[in-house]
1. Within the range 4-16, is there a residue that is closer than 13 Å to residue 95 by Cα and either open to solvent by 40 Å² or more (accessible area, probe 1.4 Å) or modelled with pLDDT of 90 or more (or both)?
2. Under 7 Å between Cβ atoms, at least 6 apart or on separate chains: pull out the pairs that start in the range 111-137 with a residue that is at positive phi and modelled with pLDDT of 90 or more and end on any residue that is in a loop (DSSP other than H, G, I, E, B) and surrounded by 12 or more Cβ atoms within 10 Å (Cβ to Cβ).
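The values are calculated or read from the model by the stated rules, or taken from the named source; none is laboratory data. The model shown is predicted, which means the values in this text are computed figures rather than measured ones. With ideal geometry, Cβ positions are generated from the backbone for all residues, glycine too; neighbour counts draw on all protein chains shown. In case anyone asks, the SASA skips ligands and DNA or RNA and just uses the protein heavy atoms, side chains included. Shrake-Rupley method; radii C 1.70, N 1.55, O 1.52, S 1.80 Å.
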Amino acid sequence: ATMAGTLRFKTEALVYQRLSHEDRLTGLRNRRAFEQSLETLEREAGSWENVALVFMDLNGLKYINDHFGHSEGDLLIINGAKCIQEAFVNIGLCFRIGGDEFAVVAAGKTKNIIDAALSVFRSQAEAYNGEEHRVPLKVACGVACKNPGDTIQPEQVFHNADAAMYRDKAGSRR
């Protein structure tokens, strides 16, 4: 094989790997990348000393897709992803893990830092909603942390973040 050929192969492999871990619509990392990052954290259990997991879910996406069409729904997903990325870019890794579901994995960050990023996120969503859009960006959020010294398992952190998000979602329906 020529050097150029080898280089091209390596470049294509890198591009392919990036694409296989990237959500095409938002440019965030995808579910596969999310699962890998959790596996990595579990393998290096020491780095689970101080991990925060944030789950977010866009409210009302099905309604928007049904009533305004999928392009309007996609626009909401893209803008939601932008707000998440801007708020959490220096805090952790951002993922789109499902149609309207997002996650942030932050190692070595305290709950205060996560809460600060969440309030940045909420004010960005409010700013977005202050503009003229047919559909507002409403997001349910759940946070769970594993602090140093906790004996909690990664699955439990996952479950706690999920449960917190659903509580937030239920609260916003009132």
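1. no
2. Every condition considered, no pair remains.
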